[in-house]
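Input: a single structure, listed below in structure tokens.
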Amino acid sequence: MDPTEAGAISAAELSAALLMLEDPTPGDPDAGYDVAVELERQAVALGDDDLIARARFVRAVMLQRTGEIARAARQLHEVQHWAVEHDDRRLQARTHLGLANIERLSGNTAKCLEHSLSAVELLDETATPHMQIWHRSTLADALAENGDMAAARPRFRQAEALARELCLWTQLGMVLNNWACSEYEAGEIPRAREVARRMQDHAVAHGLDLGPGPLDTIGAIQIESGEYAQAERTMLVCIAQHEAGHIDNAGQLAEYLLNLSRAQRGLGATDRAQLSLDSARERCIERDLHGLLVRVHQEQAELHAARGEYAEAYAMQKTFFAAHEELLTQQQQANALTRHARFETAEAREEAQQFREQARRDPLTGLRNRRYLDEELPALVAADPDLSVAIVDIDHFKRINDTLAHEVGDRVLVRVAELLDTGLATVAATGFAARLGGEEFLLVLPLTPVAAAAAKLDAIRRAVADHDWHETTNGLPVTVSIGVAAASVSAPRSHTAALHAADRNLYLAKQTGRNRVVPGPA
């Protein structure tokens with residue numbers, strides 16, 4: 001169902017609709033843009049910032065595919081900034097891939113490679129199967145475009161293996177097409193023909209039609225092999241499919257027209273070749289495709305030479321070299337900006353991580369806090385049946401605050417926290433201490449059954465009681481009571497049940513005289 005026809009939809013339905021556009025197969029980008037705008041409107045109505053950012057990403061991708069490269073780049077950078085601020089790795093990976101495609105269309109292969117690398121580095125368990133395949137394939141493309149086919153081939157093989165393993169046959173065809181195209185661009189024509197043959201065999205085996213992209217690859221290989229008549233037929237079918245609505249992105253039609261012109265020049269049909277090349281040039285200028293326009297200049301020089309127009313060929317060759325040098329200069333400047341931007345992004349990511357770490361620590365004592373426990377303790381309890389937890393309470397803490405003032409109470413809290421943390425590191429190196437709030441703390445002891453935990457915790461209890469408190473409290477004693485419980489206190493194991501049991505045992509320690517450890521059942 002078209003989400004724009006469904007009225008108000010839930011967040012889950014909106015997320016599913018966005019995923020259909022985020023993991024796309026080629027389609028009409030204008031229609032995709034309209035859907036993305038409507039999905040963004042509904043995300044705003046829901047007040048869901050994550051869905052809003054995803055909808056804006058899709059909108060930017062559709063803009064790129066329709067040829068609005070500058071607008072798409074601006075929007076992708078805005079979404080990427082949001083994704084970094086909110087530590088959304090999946091959206092960061094997607095935006096890097098989108099920016100890689102924009103840099104490729106602009107002819108900046110070095111910057112395309114940087115974004116492609118970042119896109120793969122950010123893949124984690126949240127990445128979809130499409131991302132796992134396509135991001136690796138795009139990295140392979142970028143490596144090939146930067147002249148490193150030796151590094152590209154293993155990535156192509158990995159993407160191919162993933163697609164076969166997951167039975168994603170459309171994606172497999174796309175990977176094989178890109179691989180064949182990269183081999184062709186590298187001048188490895190026998191390898192290109194072999195991969196293209198596998199692509200064609202795969203299409204037949206799975207009942208898939210070869211779209212404009214694969215046909216363009218086959219046509220280019222045919223041109224390089226001197227099969228000009230076959231290549232012209234292939235490219236005419238390719239362009240007809242594109243015009244019938246099999247649209248990939250804005251740069252492709254100019255590429256198809258350029259290859260058609262090359263095939264027609266090979267046939268000696270220079271008039272037809274000139275018409276095709278003029279159309280390619282118009283498309284490049286209209287869509288701001290600098291890298292492809294440089295290749296059009298080069299083909300124009302070849303076409304002049306084929307006609308015997310040597311003066312014109314020489315002049316066009318000069319134009320080609322000038323455009324090529326300008327493109328290299330732009331790439332160098334862009335690379336410098338990219339390095340600066342990557343440095344700033346790394347700083348932002350590090351700062352975000354610091355904020356996240358701060359949010360999971362108690363500001364007074366520096367110990368872990370309740371938020372950290374809520375995030376980490378459930379998994380620890382589920383994974384370790386021998387884990388023990390202990391709730392520690394400072395005895396008569398109200399008396400310390402009332403008698404000596406809250407500033408002294410804070411110093412006592414800080415010092416007790418240090419003693420607990422230091423003592424725990426000695427008896428349970430992989431454990432941690434946290435402040436639950438007020439004068440209560442939690443100690444977590446992995447791989448330590450309750451009986452052993454009680455003995456170790458009693459040593460920590462004694463260390464607190466034996467500490468010289470004279471300088472801090474003017475001699476007023478400070479002791480702690482501790483209740484201990486096993487992770488296996490309930491079946492199935494539950495961190496909530498373990499904490500409740502430890503709290504009950506702490507109450508018993510208080511009721512039976514304080515300054516003691518009370519364990520639960522072993």
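Total residues in segment 115-145 satisfying the condition of being open to solvent by 30 Å² or more (accessible area, probe 1.4 Å) and either over 21 Å from residue 183 (Cα atoms) or not in a helix (DSSP H, G or I) (or both): the figure is 7. Within segment 457-486, the set of residues being of a type outside the set (A, V, I, L, M) and touching a strand residue (DSSP E or B) at 6+ places or on another chain (Cβ under 7 Å) comprises 458, 461, 481, 483.
Go over the candidates 433, 486 one by one and state the one that is farther than 24 Å from residue 362 by Cα and under 43 Å from the mean Cα position of the chain (by Cα). First the steps, then the outcome.
On the way: 433 fails: farther than 24 Å from residue 362 by Cα.
Exactly one of 433, 486 is farther than 24 Å from residue 362 by Cα and under 43 Å from the mean Cα position of the chain (by Cα), namely 486.
So that you can scan it fast, the table gives a plain yes or no per residue for (1) hydrophobic (A, V, I, L, M, F, W, C); (2) open to solvent by 50 Å² or more (accessible area, probe 1.4 Å); (3) touching a residue at least 24 places away in the same chain (Cβ under 8 Å); (4) assigned to a strand (DSSP E or B):
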| site | (1), (2), (3), (4) |
| --- | --- |
| 456 | no, yes, yes, no |
| 472 | no, no, yes, no |
| 481 | no, no, yes, yes |
| 485 | yes, no, yes, yes |
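Out of the residues in segment 194-219 that are among the acidic types (Asp, Glu) and open to solvent by 60 Å² or more (accessible area, probe 1.4 Å), which is nearest to residue 235 (Cα to Cα)?
Step one: of segment 194-219, the residues among the acidic types (Asp, Glu) are 194, 201, 209, 216.
After this cut, where a residue has to be open to solvent by 60 Å² or more (accessible area, probe 1.4 Å) as well, the list is 194, 201, 209.
On the way: 194: 20, 201: 20, 209: 15 Å.
Ranking the qualifying residues of segment 194-219, first place goes to 209.
Among the residues that make up segment 95-112, is at least one of them more than 30 Å from residue 187 (Cα to Cα), charged (D, E, K, R) and touching a residue at least 40 places away in the same chain (Cβ under 8 Å)? No, there is no match, as no residue in segment 95-112 is more than 30 Å from residue 187 (Cα to Cα), charged (D, E, K, R) and touching a residue at least 40 places away in the same chain (Cβ under 8 Å). Would you confirm whether or not segment 162-173 contains a residue that is over 19 Å from residue 210 (Cβ atoms), within 22 Å of the chain's Cα centre (by Cα), of a type in the set (A, V, I, L, M) and open to solvent by less than 10 Å² (accessible area, probe 1.4 Å)? The answer is no; no qualifying residue exists. Tell me, yes or no, whether segment 23-35 has at least one residue that is open to solvent by 40 Å² or more (accessible area, probe 1.4 Å), more than 30 Å from residue 173 (Cβ to Cβ) and part of a helix (DSSP H, G or I). There is no residue in segment 23-35 that is open to solvent by 40 Å² or more (accessible area, probe 1.4 Å), more than 30 Å from residue 173 (Cβ to Cβ) and part of a helix (DSSP H, G or I).
The listed residues are 338, 345, 329, and the only one of them that is at pLDDT below 65, of a type in the set (Ser, Thr, Tyr), open to solvent by 40 Å² or more (accessible area, probe 1.4 Å) and over 23 Å from residue 477 (Cβ atoms) turns out to be 329.
Quick one: residue 360 ticks every box in (1) touching a Phe, Trp or Tyr at 6+ places or on another chain (Cβ under 8 Å); (2) modelled with pLDDT of 85 or more except a single one, so which number is it? Only one criterion in (1) touching a Phe, Trp or Tyr at 6+ places or on another chain (Cβ under 8 Å); (2) modelled with pLDDT of 85 or more is unmet by residue 360, namely (2). Residues of segment 53-70 that are under 14 Å from residue 105 (Cα atoms) and either among the basic types (Lys, Arg) or not in a helix (DSSP H, G or I) (or both): 65, 67, 68. Taken together, the residues in segment 493-522 that are open to solvent by 50 Å² or more (accessible area, probe 1.4 Å), under 42 Å from the mean Cα position of the chain (by Cα) and without any contact (Cβ under 8 Å) to a residue 24 or more places away in the chain amount to 2.
Residue count for segment 425-444 under the criterion of being out of contact with any helix residue (DSSP H, G or I) (no Cβ under 7 Å at 6 or more places or on another chain) and part of a helix (DSSP H, G or I): the result is 2. Going through (1) among the β-branched types (Val, Ile, Thr); (2) closer than 20 Å to residue 136 by Cβ; (3) at pLDDT below 90 one by one, residue 95 falls short only on (3). Reported count of residues in segment 183-209, each being of a type outside the set (Asp, Glu) and without any contact (Cβ under 8 Å) to a residue 12 or more places away in the chain, is 7.
Here is a list: 107, 187. Which entry is outside any helix (DSSP H, G or I) and open to solvent by less than 20 Å² (accessible area, probe 1.4 Å)?
Numbers: 187 fails: open to solvent by less than 20 Å² (accessible area, probe 1.4 Å).
Just a single option satisfies the conditions, and that option is 107.
Looking at segment 223-230, can you tell me whether even one residue there is out of contact with any helix residue (DSSP H, G or I) (no Cβ under 9 Å at 6 or more places or on another chain) and surrounded by fewer than 20 Cβ atoms within 10 Å (Cβ to Cβ)? No.
State the number of residues belonging to segment 285-308 that are farther than 26 Å from residue 268 by Cα and open to solvent by 20 Å² or more (accessible area, probe 1.4 Å). Looking only at that region, the number is 5.
The values are calculated or read from the model by the stated rules, or taken from the named source; none is laboratory data. Being a predicted model, the structure only gives us computed values, none of them experimental. A quick note on method: Cβ atoms are made from the backbone with ideal geometry, for glycine too, and the neighbour counts reach across all protein chains shown. Side chains included, ligands, DNA and RNA excluded: accessible areas come from the protein's heavy atoms. Shrake-Rupley method; radii C 1.70, N 1.55, O 1.52, S 1.80 Å.
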